[in-house]
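Note sheet for the following structure.
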Amino acid sequence: MLGTLTTLMLVAPEWVLRWTKEPRGNAFWAEFVVWPLIQILIVLFIVLTLVAYLVYLERKVSAFMQARLGPMRVGPWGLLQPAADGLKLLLKEDIIPLKADKTVFQIAPIISVVAALVVLAVIPWGAAWATIANVNIGLLFILAVSSVGVLGLVLAGWASNSKYSLLGALRSSAQMISYEIGMGLSIIGALMFARTLSMSGIIEAQQADGVWYVFFQPIGFIIYLVCALGETNRAPFDLPEAESELVAGYHTEYSGFRWALFFMAEYTSMLVTSAIAVTLFLGGWSFPGLGLIKNQTLFVVVSIVIFAAKVMVLIYLYMWFRWTWPRYRYDQLMDLGWKWMIPAGLANIVLTGIWYVLALPKSRGGVFGLMQLGLRDRLAPTRWSGIIYFVVTGFVITIPIIWLVLAAINRRTRDFNLHAQRQLQIKLRAKRLQKHAEPQAAGEGAS
Amino acid sequence: MREQGVDITPGTLFDAEEMVINMGPQHPSTHGVLRVILKLDGETVKDLDCDIGYLHRGVEKIAEHDTYAMITPYWDRLDYVAAVSNDLCYVGGVEKLLGIEVPRRAEYLRVALTELQRIASHLLWLGTHAIDIGAVTVLLYAFREREEILKIFEDFIGARLTAHAFRIGGLWWDAYPEFEKRVRDFLKILPGRIDEYETLLNANRIWLSRTVGIGVLPADEAINLSLTGPVLRGSGVKYDLRRAQPYSVYPEFDFEIPIGENGDTYDRYLVRMAEIRQSIIIIEQALDGLPEGPVMAKVPKVIKPPVGEVYFGIEAPKGEIGVYLVSDGTTKPYRMRIRPPAFINLQSLRRLSIGHLVADVVALIGTIDIVLGEVDR
Amino acid sequence: MPRVKSTADRRTLGEVIKRLLLFDLFKGLFLTFSYNWRALYEKRDGGNPNQAIYTEQYPLEAARVSERFRGAPRLNLDPESGQTLCIACDLCALACPVDCIEVGSIRREVREGEKVNKKKVLTTFIFDTSRCMFCNLCSEACPTDCLELTQSFELAVYHRSGFRWDREMLEKGIDYVRYSK
Ligand code: SF4
Ligand code: SF4
């Protein structure tokens, strides 16, 4: 509901503008009221079903990786399991802890799920009419709104009045904020090439350049993936809800449908981050050979399918990581964010900038002159020579440099010097024990 | 205010950042009903204490009212993931008290079963330890292999978990015809499976950063805390009852005792994995040299040991499990005392975890490998 | 025994390069993916450890229960006369560590051919499955192979009273729900 409202708010300014200028006819209502509403309803319906089935998919994928079968009993192959789960969660008692802050407790999951759903408005699901709102600052909008989601978690943790929830909320806020920085940095490289924040614009730019930006920005893509894992609280960064430590983290005290809302938010934001990655790095709905389809409707439908397929590949990747690797510890997670992701993101920006400036046309002060003016005055790499130049710089030069930079920054960490770290820990231990334990032991004797 | 030795006085203005948090008895990773009271500074553990007894059944007292044969099933329920090893301890104790010579075939089968049980117990430990650290998949793989062992047990003994495997004087059943083949088949696939676990964990950087240097226990401290089993050997002390106080037919087998170097969680993990490999070697030897003959010694129908007392300890998967029996010449023991390895090893938790983070406490509870059935008895 | 070592402790150039290239992480990914892939095409064979999927779908597939399994108790009858084998000797009740057997008997005159003997005859037999730990001690103590623990293991009931099995139930066995698809 709220998601729909906010989406409407997005369309509203333009709507009001038109309202004042143009004569109002049937076409107006059709274009600005009926059609958006239909789109919103369709998207919400599809996405929510999809989210339910993502849970099913996750269970199946994890089962297959673990020599199990997963849900099998509800419907053939357990295909109706999401429906059964949803029904169960709806019918469950909604428990609110006695000492919880009631209002906040009730609002928190809504904030979290709305922040995740609103973002869906600007995602280009496919070509032409399948792009619902082509906002010219789409990407910025997504980053801004999705970071509101963390508010939901913090409030939930605080309002539950439980220590586990509080610890989970603290962890998640610290984690999401630090990974958002890395995420923002990783995007910039691709944006240098796209030169627009509009989501459809980014896809068009990739079509015009004839190459997906993952080939120009391999490091950016990797950083984005890792940060997206952190941002969506997925393993190996699922600390806020680390089951073995904090029971269920910020939603320990939630039950029934409120809990389901958090769950929905998590999977929706997984969907959203994958969709952004697809748009930004994997060419969105475009695919080589797609232009051959002449029928307009078919074209759009195929584009939607392509988009969905790409998103699914990324989501499978998420699930794959989750069910293979152990979980990081909180401080190590922060290490990874601040000592690996953020320096890598910064270095990537610098290096990409250098390659970009060097490749500018000679008239604009470049050296190699491997770019030309293209669509809408946008500088595009020249066909083949420019593209090869950027791919080569991206893969062959940027990756090793960044890798070495990171290795230099982190040369003292476990990843490179396990032995020394081990000895250090052993030495530190004596100190720690003295600091913490001894006064306590004395106190024990006294009591 | 104190609870279980942890000062839980609410913080004053200056140390208000301390938080007392109660982990368990119903917590996903305390391996049963252990209650841990943590005093945290941020996420750093400042103090910790364990509250046990939620699973107390008074086995030692019950034993005073039961005949010697009737006590054996209770031993299954101490360390219920290694029931066969427990049975060996008790049955061996009573046999020592009675002075019974157990047939060699029975001894060989006993060794094979207990070593299988050691593998099963270590696999369960591996799975739960990995899931504590977040590697869920290892659990399912480990349980698959454990299930194979339990199937062998079911066919041999008649039960999977609480086996009641041995009787005083030998075994109730002889090995079933395909026993040897089944075990050999299993041992053939097991090394490959261990490699699979190690692919997922051994060099994985996340696993390393979660285990290396965590919960270091120097050898002298480990001895002072009277730890036994892999926890002790992880610290580099070469002490294994199978060699130090040989029992059953272990002296006839050729195997090695893996020990660690640094005494951290990672070493304890490596030690246990190496122990699984050693157990495979022992079982193969036991099957190769399996003698023919009866599996039950001549035992009087009513067991009435002479007056006296006896201590018998064996190397269970978790450490030295021992039984101290006092007989007053009647059919019931005058006193039975259990030396529980997990209970004693658990005492090291405080020293291990002070100064580490909450997440490490979970890993450390896992690395000690406790089973609350035995801790609480 | 040499001390346990792992590749992680080695500090050779090869190891460092492997770590730089995230080999350790990819190795794990490869393993899980191979399982996932095999699960998609391999024939399902529940309970076979060499197959990618190990699950036995229990109520649908019949559970594999071994011959020696100690499950629901049964009082055997003499296959010829149909009389109970139990001689009401009470040994099983004495052997049980948790006292879950109650043997009721009376002394009665029994005509055997010419002679008339005074003999103990079984009247009631109560077996409490909720307390039983299926240790087999009772069955081992029984001198006539009358009491036996069988392979049936589906002992759940809806009410506590259902745990107390009387002589009739023990002799006939219980009706089990048979699952089908
Ligand atoms: S199986 Fe064991 S517990 Fe059950 S009735 Fe027989 S002796 Fe008692
Ligand atoms: S031991 Fe056997 S014969 Fe004796 S009372 Fe029990 S069931 Fe009957």
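Data overview
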quantity	calculated
Segment B:Ser226-B:Lys301, extension gain: residue separation times 0.36 nm, minus the distance between their alpha carbons	23.1 nm
Average beta-carbon neighbours from other chains, 10 Å sphere, peptide B:127-137	6
5 angstrom amide H check on B:Tyr334, placed H, neighbours 5+ away	B:Val326, B:Ser327, B:Asp328
Efficiency of FRET between A:Ala27 and A:Met312 - r from beta-carbon atoms, R0 45 angstrom, step 0.05	0.75
Residue mean of other protein chain beta carbons inside 10 Å, A:156-163	1
Low-density loop cleavage sites - GluC sites (Glu not before Pro) in region C:13-76, where at most 14 other Cβ are within 10 Å (DSSP)	C:Glu42, C:Glu61, C:Glu67
Reach of C:Lys120 by Cα under 14 Å, taken over aspartates and glutamates that are not fewer than 8 positions away in the same chain	C:Asp90, C:Glu109, C:Glu112
Estimated vicinal HN-Hα couplings, Hz - region B:255-266 in sequence order (Karplus 6.51, -1.76, 1.60; Gly, Pro = x)	8, 10, 10, x, 10, x, 10, 9, x, 9, 4, 5
Shielding of C:12-21 by partner chains, average beta-carbon count, 10 Å	2
Label point distance in nm, C:Arg64-C:Ser152, each placed 7 Å from Cα along Cα→Cβ	2.4 nm
5 angstrom amide H check on C:Leu147, placed H, neighbours 5+ away	C:Asn76
In region B:128-184, GluC sites (Glu not before Pro) in a DSSP loop with at most 12 other beta-carbon atoms within 10 Å	B:Glu178
Inter-probe distance in nm under a simple model that places probes 7 Å from Cα toward Cβ, at C:Asn117 and A:Asn161	7.6 nm
Where chymotrypsin sites (Phe, Trp or Tyr not before Pro) in DSSP loops with at most 16 other Cβ within 10 Å are excluded, longest remaining stretch of chain C	C:1-152
Ordering of A:81-89, B:54-62 by packing [mean C-beta count within 10 Å, highest first]	A:81-89, B:54-62
Efficiency of FRET from Cβ geometry, C:Phe23 and A:Asp101, R₀ 41 Å, rounded to 0.05	0.25
Nearest 10 degrees, 0 to 90: helix C:23-41 Cα axis against chain C principal axis	50 degrees
Degrees, to the nearest 10: B:358-368 long Cα axis against longest axis of chain B	20 degrees
Backbone HN-Hα couplings from phi across region B:308-322 [Karplus 6.51/-1.76/1.60, Hz, Gly and Pro as x]	x, 9, 8, 10, 9, x, 10, 8, 7, x, 9, x, 7, 9, x
Theoretical gain in end-to-end length, A:Arg383 to A:Tyr53 [0.36 nm per residue, Cα-Cα removed]	114.7 nm
The protein assembly as shown: calculated mean residue ellipticity at 222 nm from DSSP helix runs of at least 4, using -39500 (n - 2.57)	-16500 deg cm²/dmol
Length gained when the stretch B:Lys188-B:Ile62 is fully extended (0.36 nm per residue, less Cα-Cα span)	41.1 nm
J(HN,Hα) series, region B:168-183, from Karplus relation 6.51 cos²θ - 1.76 cosθ + 1.60, nearest Hz, glycine and proline x	4, x, x, 10, 6, 10, 7, 4, 6, x, 8, 3, 4, 5, 4, 5
Normalised contact order of region C:73-172, rounded percent, pairs of Cα under 8 Å and 6 or more residues apart	35 percent
Cβ-derived FRET efficiency at R0 51 Å, B:Glu256 paired with C:Lys172, nearest 0.05	0.35
Positive-end extreme of charge dipole, region C:1-136 - chosen from C:Thr129, C:Val116, C:Ser34 (charges on Cβ)	C:Ser34
5 angstrom amide H check on B:Val33, placed H, neighbours 5+ away	B:Leu372
Aspartates and glutamates whose Cα lies under 20 Å from that of C:Lys27, excluding same-chain neighbours fewer than 8 positions away	A:Asp415, B:Asp195, B:Glu196, B:Glu198, C:Asp9, C:Glu15
Cross-link pairs beyond the 19 Å C-alpha cut-off, checked among A:Lys102/B:Lys39; A:Lys99/B:Lys39; A:Lys431/B:Lys46; B:Lys151/C:Lys43; B:Lys61/B:Lys332; A:Lys60/C:Lys43	A:Lys102/B:Lys39; A:Lys99/B:Lys39; B:Lys151/C:Lys43
Two-site label geometry, B:Ile281 and A:Ser363: point separation in nm, points 7 Å out along Cα→Cβ	7.8 nm
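Rule-based calculations on the coordinates, nothing more; no lab input. Since this is a predicted model, take the numbers as computed values, not measurements. So basically every Cβ, Gly included, is an ideal-geometry build from the backbone, and we count neighbours across all protein chains shown.
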